[in-house]
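Structure first, commentary second.
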Amino acid sequence: MFNRKMLRITAAKISLIFGSLIVCFLFVEICYRTFDPYPYFGYEEINRTEHGNLSEFDQTLGWKGVPEGRAEFITKNNRIWLKNNSEGFRDIEHSDPNDNRSAIVFLGDSFTWGYEVTFDEMFVSLLRSKISEYKLFNLSHRGYGNDQELITFKKWQYDKPLKWVILMFSENDVKDNNSSFRYDKSKPFYNLIDNELVLSGIPVPKHQKWSDSDRMKFKDESRYLLLYSHFFHDVMYRYPLLRFSFNSNRIWQEPADMFGLELTGRILLDLKHTVEEKNAELLICFIPSKNEIENDSFSYQTKIASLCNKMKIKHFNLAPYFSSIWRRTYYRHGGHWNSHGHMVAANAIFNYLENQ
């Protein structure tokens with residue numbers, strides 16, 4: 001009898017402990033979902049449509065937007081619907097022949113393309129409502145380097161007045177410019193031959209992945225299911241950050257991508273000449289990296305700004321604007337802006353153009 005009684009008491013205590021832990025976990029989970037309501041999508045859900053309804057192979061650019069393309073876009077951070085215009089850009093239609101306003105053109109990669117944000121949240125869309133006296137064109141596409149942006153602008157047909165061409169410069173652009181294969185895709189590239197900029201790799205070879213589905217497939221492992229809990233998700237997200245913050249001996253080093261900038265400089269100079277032939281002015285706008293803003297890391301902009309000064313190209317750094325904002329401007333996963341980051345960028349660019 002004694003053993004049975006002790007067994008029942010022990011079982012009751014264990015049940016009480018587990019019950020209390022479950023109640024505490026549910027309370028913490030509710031608090032997380034209320035005060036930090038970030039989304040989470042499992043690996044089996046992610047579909048970035050890299051080769052499909054939104055992007056297609058192009059023998060000159062490597063890849064480009066599908067005209068009138070539409071698709072659901074799911075990443076670790078967000079789920080949105082995307083739509084391209086008739087030219088394959090994530091932009092409005094520019095079909096009014098009587099619209100003679102001067103134009104501002106944006107060139108760039110996934111930041112300008114609006115990776116993980118809705119169309120109305122993109123900084124170009126926000127600027128369009130602020131600068132109504134100009135037509136704004138967004139000729140960007142995710143994954144592009146400055147070389148592909150230069151080719152895109154040269155191919156673009158437009159015979160009305162231009163005011164500005166704004167190139168949104170990212171930290172990885174230098175590496176992109178020096179590569180013939182990026183993001184699982186072949187791309188064109190420039191070489192310096194006898195001090196002349198020569199386009200190479202044309203026609204671009206078509207990689208096998210263009211014939212395969214881009215749907216990311218992973219095994220449905222139980223450890224991924226835990227991440228649907230905001231509490232466990234936050235623990236796994238913050239643990240490496242905590243370890244990193246306690247490493248007092250860390251030294252920020254200049255990324256290897258920043259070495260050998262001559263090719264990038266020549267690409268920017270060629271873009272400047274192309275823009276000036278259209279009686280417009282080139283502006284380079286530096287996009288700060290997430291590490292620079294959140295972890296006070298190396299600022300790549302210094303050397304690029306020096307290049308621009310030598311070539312007399314106007315440039316503008318967004319970093320001071322982002323550094324002064326206390327609210328999160330980058331998504332939890334990856335290195336792209338959230339909707340608030342796009343708002344900060346739109347306000348900063350608007351202020352700069354107003355002063356000009």
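Numbers below:
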quantity: Point-to-point label distance, residue 193-residue 235, nm (Cα→Cβ direction, 7 Å offset); calculated: 5.9 nm
quantity: Inter-site label distance for residue 347 and residue 160 at 7 Å from Cα along Cβ, in nm; calculated: 3.1 nm
quantity: Note, ³J(HN,Hα) from phi for region 333-344, Karplus 6.51, -1.76, 1.60, rounded to Hz, x at Gly and Pro; calculated: 9, x, x, 9, 5, 8, 4, 5, x, 5, 5, 4
quantity: Highest to lowest packing among 20-29, 107-116, scored as the average C-beta count within 10 Å; calculated: 107-116, 20-29
quantity: Nearest-0.05 FRET efficiency for residue 325 and residue 206, computed from C-beta distance (R0 41 Å); calculated: 0.45
quantity: Highest-first arrangement of 317-324, 91-98, 163-170, where packing means the average Cβ count within 10 Å; calculated: 163-170, 317-324, 91-98
quantity: Set 130/155; 155/272; 187/278; 160/314; 154/310 screened for pairs whose C-alpha atoms are more than 21 Å apart; calculated: 130/155; 187/278; 160/314; 154/310
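Every number here is computed from the coordinates shown, using simple stated rules; none is lab data. Owing to the predicted nature of the structure, the values given are computational and were not obtained by experimental measurement. Quick reminder, even Gly has a Cβ in these numbers, built from the backbone with ideal geometry, and neighbours come from all protein chains shown.
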